[in-house]
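The structure appears right after this line, and notes come after that.
The values are calculated or read from the model by the stated rules, or taken from the named source; none is laboratory data. Being a predicted model, the structure only gives us computed values, none of them experimental. In this analysis, Cβ positions are derived from the backbone assuming ideal geometry, glycine residues included, and neighbour counts consider all displayed protein chains.
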């Protein structure tokens, strides 16, 4: 009886325990699951999400980016002009390509390991993509079968038949084990919890370096080196030893029976050209600080002097184990790079001394995580112990010891792992075997793959495979190829990777894509294994995955013509380079370019030159323009520096304001350009990096640049304030008009605009762009606010349907709707044409042109001029923040068109051109700013400087001193009183809060305003040079641009400042009360 009761209790407890375990399993169901948060995985996820898929990323470590940010800070891409799409943008944003001379070279220095990790993380977070960190693959549910280990135990042999997959052909789900990496970033041998998470998806993308999902899905794969015969490749299989060192390999010299000294492997290498299971050597790509002041290299815990006997014997016998030998660029031509004794560094060394022991990682590709963890730790301990050997061993050369004593990890890149890189450099692991295998023939330019999804353009580049005994000596086996190109210049080393190489054979698995462990021979893989190539393949895989989900079809059946259209729209480079890159000094051969994009495709690294050559700003370069440029180039040795100086005027020297005279006798024309969503950090004139704005730069160098102009942090409040000179709380426009049922309207019965008052002073007036202070279908107040002519985007039509502003625009032109007549035109171009036509007709002046631009507001779009343009209405645009730079550049182009039109009309000396913006940059956009390349996230709709500090550039030839910088505070309310002073126009009916900045423009000394007022919804603040004080009583010290916002001060601090701020608010509010009481009377 007692036994039965005990059994019942135990059984009940087990059931409860089992149910608790089941309850702890987290489940996710998504459209697309990306396994491996490598740089390729990030691009795949971003692309799939952009196409509308619900995406999740699974990453075994705590970081995104893999080797891009995990040790590789330079970008190996072979030929930079084969890299396009979002890959080029995300890698190159913030990189000063012009100084790198990378065109046609094999690599370029990137922005930094930590910076790339942060960039990938931010890009994913901005898109709202879920990332599961610290979890790795446990099991894979394929059909009705659960697979918990690799489906192969040895590489595919020559003529091996493909086994039919009888377990089903779709991955239903995967389970993940919780296995957080250790404090050095190394994977742990065993997970802390198995089957912790289940992820179900319609399509899976394996972007891991190891190909673990590939290996557990029933898909054919291999690893190691194939034989020459396998794919008929002359370079395949075992290669000659790179070094054969006259060092005795045996513990007791001359006695094989005594065994081998450490680091020499007891393995037989087959004949030349034969197959084996060896992989190229792995390593960590360290960042060292040789000043000795970085993060200290840890002291060894299990150092054995006998381990380094091979180095001891080499030094004793004068054998060179430090120099690097390689076959550089040309087959069968070996070069030697001499190196003095060192330790720890020279990670790219093809010899016994380097950052790895070749041959120690052959179990990694198909191994379990316990094996991989052991190999990671071996590499870490090898560095620690080799540094200790160099410091302490009597045989270590003096220079090696000095080198070791100074070696520390550089602070910054990998602080959270104690200086250890977060990713082991897994140069190759598994490779899928699909219906198309990329081989040496592709690299030789002898094939024409059917469905290109990426280009590669790196030469054959392998690394030694083992350290073995050869004729009683120590040999470093293979690994001679170093960026060896095989096509004799036919395609400049570039070759195509087809879609069939990233999807399994039909019948094996119909919902898996593999853009990293692609279907390629070993020799081809040594070339295509570059991070940018994997990123491009990842982006292509992401697009294809989303298409397969949408159409509910196998990934093998994704229609290539539709996929190609999407890849072209992303600006992927999918056509090989025809022949060698020619000297770009032959205008008769490269005479004209039809667009900036066409120029960019041919002139990688020289994108910045286009606006300098396109002198008439028509978006094209004619033969005459290019010939004129070549002539300028021939006559000026410093042509590049000269043009760069024009392109990037910052850092600007502050020029003292000196009066150039009084106002001209004739009333000047006024052209006000009011950009949409553009903070100062995005413009090169203010120190921004990565966006080309030559016309705005020219406007700044020829006029006055204001450093402290402030707007409200959102659209409608700023537009009402700039037109009326009155704060939002007074105009009643305190929020953004964005919904059709919002009846907010700036009332012309209560407020005059600057157009009303200038019209009274004899000005012809026009507005073109965005209105957004009322819905025009219900309250068309444009004429009532003093504009004679207008061409305005109509956000909503009379039915309340939202309409497009960029492609297939819906505009109201002087009271009538224009849609069909402009359907094929780009909205901003229609506006520019309208304004130029108005200026031509009113050139005898005076006139006011108010251009509240549509750019650079969302939706993010591809601008006209290249294959990436899709010309879809706003509602169907799916691009992301990566389009922001080109949108700014197109805005700059239209600024150039307006300024050039003023010049051509001969009225520039009597025309003021003003450039400003309504608020800060949109939140998803991050700009690179200043010499320190600070990352500044857009702050639109936030009560911060990022939300309200905007550009203000004013050009007025022969009145404003060129190149002047003004640091006075200015706000949008100041524009109306400035215009009235300029035009001697009457005051408006309403109370004006602004004050004229005409004295600053004329160079006259006058006290500047002490504060600006900023308002959005129910938030208001006063901003001085030092403080920000809110109407809620919070006081915050102003911080420098590019630095995080400060925390509010304690309530009891700075009583005098708080008192002054309260009086300022009271003076503003007192005016408000006075106006209200007057209206009530």
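Is it the case that some residue within segment 410-418 is without any contact (Cβ under 8 Å) to a residue 60 or more places away in the chain and in contact with a strand residue (DSSP E or B) (Cβ under 7 Å, 6 or more places away or on another chain)?
no
Given the criteria surrounded by fewer than 21 Cβ atoms within 10 Å (Cβ to Cβ) and at pLDDT below 95, does residue 334 qualify?
Numbers: surrounded by fewer than 21 Cβ atoms within 10 Å (Cβ to Cβ): yes; at pLDDT below 95: yes.
It is true that residue 334 is surrounded by fewer than 21 Cβ atoms within 10 Å (Cβ to Cβ) and at pLDDT below 95.
Got at least one residue in segment 871-881 being in a helix (DSSP H, G or I), surrounded by fewer than 20 Cβ atoms within 10 Å (Cβ to Cβ) and not assigned by TED's automatic domain parsing to the domain that holds residue 984?
Checked segment 871-881: no residue is in a helix (DSSP H, G or I), surrounded by fewer than 20 Cβ atoms within 10 Å (Cβ to Cβ) and not assigned by TED's automatic domain parsing to the domain that holds residue 984.
Out of segment 986-1002, which residues are crowded, with 22+ Cβ neighbours inside 10 Å and part of a loop (DSSP other than H, G, I, E, B)?
994, 997
Name the residue that is nearest to the chain's Cα centre (by Cα), counting only residues in segment 328-359 that are in a loop (DSSP other than H, G, I, E, B) and without any contact (Cβ under 8 Å) to a residue 40 or more places away in the chain. Break it down into steps so the answer makes sense when it comes.
Going residue by residue through segment 328-359, those that are in a loop (DSSP other than H, G, I, E, B) are 329-333, 338-359.
Of the ones still in play, those that are also without any contact (Cβ under 8 Å) to a residue 40 or more places away in the chain are 332-333, 338-339, 346, 348-349.
On the way: 332: 39, 333: 38, 338: 38, 339: 37, 346: 29, 348: 27, 349: 31 Å.
Ranking the candidates gives 348 first.
State whether the residues of segment 901-911 include one that is crowded, with 20+ Cβ neighbours inside 10 Å, in contact with a strand residue (DSSP E or B) (Cβ under 7 Å, 6 or more places away or on another chain), within 17 Å of residue 851 (Cα to Cα) and modelled with pLDDT of 90 or more.
Yes, segment 901-911 contains at least one residue that is crowded, with 20+ Cβ neighbours inside 10 Å, in contact with a strand residue (DSSP E or B) (Cβ under 7 Å, 6 or more places away or on another chain), within 17 Å of residue 851 (Cα to Cα) and modelled with pLDDT of 90 or more.
Among the residues of segment 1011-1032, how many are closer than 15 Å to residue 968 by Cβ and in contact (Cβ under 8 Å) with a residue 60 or more places away in the chain?
Of the residues in segment 1011-1032, 3 are closer than 15 Å to residue 968 by Cβ and in contact (Cβ under 8 Å) with a residue 60 or more places away in the chain.
Among (1) surrounded by fewer than 18 Cβ atoms within 10 Å (Cβ to Cβ); (2) touching a residue at least 40 places away in the same chain (Cβ under 8 Å), there is one condition residue 797 misses while meeting the rest; what is its number?
(2)
State which residue is farthest from residue 398 (Cα to Cα) when the search covers only segment 360-387 and only residues that are free of Cβ contacts under 8 Å to residues at least 40 places away in the same chain and part of a helix (DSSP H, G or I).
It comes out as 371.
List the number of the failed condition for residue 932; all other conditions in (1) in contact with a helix residue (DSSP H, G or I) (Cβ under 9 Å, 6 or more places away or on another chain); (2) over 20 Å from residue 701 (Cβ atoms) hold.
(1)
Could you tell me whether residue 427 is within 26 Å of residue 505 (Cα to Cα) and buried (at least 21 other Cβ atoms within 10 Å of the Cβ)?
Numbers: within 26 Å of residue 505 (Cα to Cα): yes; buried (at least 21 other Cβ atoms within 10 Å of the Cβ): no.
Criteria not met by residue 427.
Of the residues in segment 813-832, how many are free of Cβ contacts under 8 Å to residues at least 60 places away in the same chain, surrounded by 16 or more Cβ atoms within 10 Å (Cβ to Cβ) and part of a helix (DSSP H, G or I)?
Total meeting the criteria: 3.
With the requirement that a residue be over 22 Å from residue 350 (Cα atoms) and assigned to a loop (DSSP other than H, G, I, E, B), what does segment 291-317 give you?
Restricting attention to segment 291-317, the residues satisfying the condition of being over 22 Å from residue 350 (Cα atoms) are 291-306.
Correct list: 291, 292, 293, 294, 297, 298, 299, 300, 301, 302, 303, 304.
Filtering segment 100-113 down to residues that are out of contact with any helix residue (DSSP H, G or I) (no Cβ under 8 Å at 6 or more places or on another chain) and outside any loop (DSSP other than H, G, I, E, B), which residue is modelled with the lowest pLDDT? Talk me through it step by step, then tell me what you get.
Filtering segment 100-113 down to residues out of contact with any helix residue (DSSP H, G or I) (no Cβ under 8 Å at 6 or more places or on another chain) leaves 100-101, 106-107, 109, 112-113.
Then drop every residue that is not outside any loop (DSSP other than H, G, I, E, B), which leaves 107, 109, 113.
Values: 107: 67, 109: 79, 113: 93.
Filtering first and then ranking leaves 107.
Looking only at segment 687-700, count every residue that is assigned to a helix (DSSP H, G or I) and either on the phi > 0 side of the Ramachandran plot or buried (at least 24 other Cβ atoms within 10 Å of the Cβ) (or both) and tell me the total. Spell out the reasoning first.
At the first step, the residues of segment 687-700 found to be assigned to a helix (DSSP H, G or I) are 694-700.
Next, only the ones that are either on the phi > 0 side of the Ramachandran plot or buried (at least 24 other Cβ atoms within 10 Å of the Cβ) (or both) stay: 694, 696, 699-700.
The total comes to 4.
Give the residues of segment 803-812 that are assigned to a strand (DSSP E or B) and within 18 Å of residue 856 (Cα to Cα), sorted by residue number. Break it down stepwise before answering.
Here is the first cut: in segment 803-812, the ones assigned to a strand (DSSP E or B) are 807, 811-812.
Scanning segment 803-812 gives 807, 811.
Please list, ordered by first then second residue, the pairs with beta carbon atoms under 8 Å, 6 or more apart or interchain, first in segment 983-1010 and on the phi > 0 side of the Ramachandran plot, second part of a loop (DSSP other than H, G, I, E, B).
Between residues of segment 983-1010 that are on the phi > 0 side of the Ramachandran plot and residues that are part of a loop (DSSP other than H, G, I, E, B), the close pairs are 984/667; 984/761; 1003/657; 1003/658; 1003/659; 1003/660; 1003/960; 1003/961.
If only one of 924, 951 is surrounded by fewer than 23 Cβ atoms within 10 Å (Cβ to Cβ) and on the phi < 0 side of the Ramachandran plot, which one is it? Lay out the reasoning, then the answer.
On the way: 951 fails: surrounded by fewer than 23 Cβ atoms within 10 Å (Cβ to Cβ).
Unique residue meeting the criteria: 924.
With more than 29 Å from residue 670 (Cβ to Cβ) and out of contact with any strand residue (DSSP E or B) (no Cβ under 7 Å at 6 or more places or on another chain) as the only criterion, which of 944, 959, 926 stands out? Step through it out loud before you land on a result.
Numbers: 959 fails: more than 29 Å from residue 670 (Cβ to Cβ); 926 fails: out of contact with any strand residue (DSSP E or B) (no Cβ under 7 Å at 6 or more places or on another chain).
The conditions single out 944.
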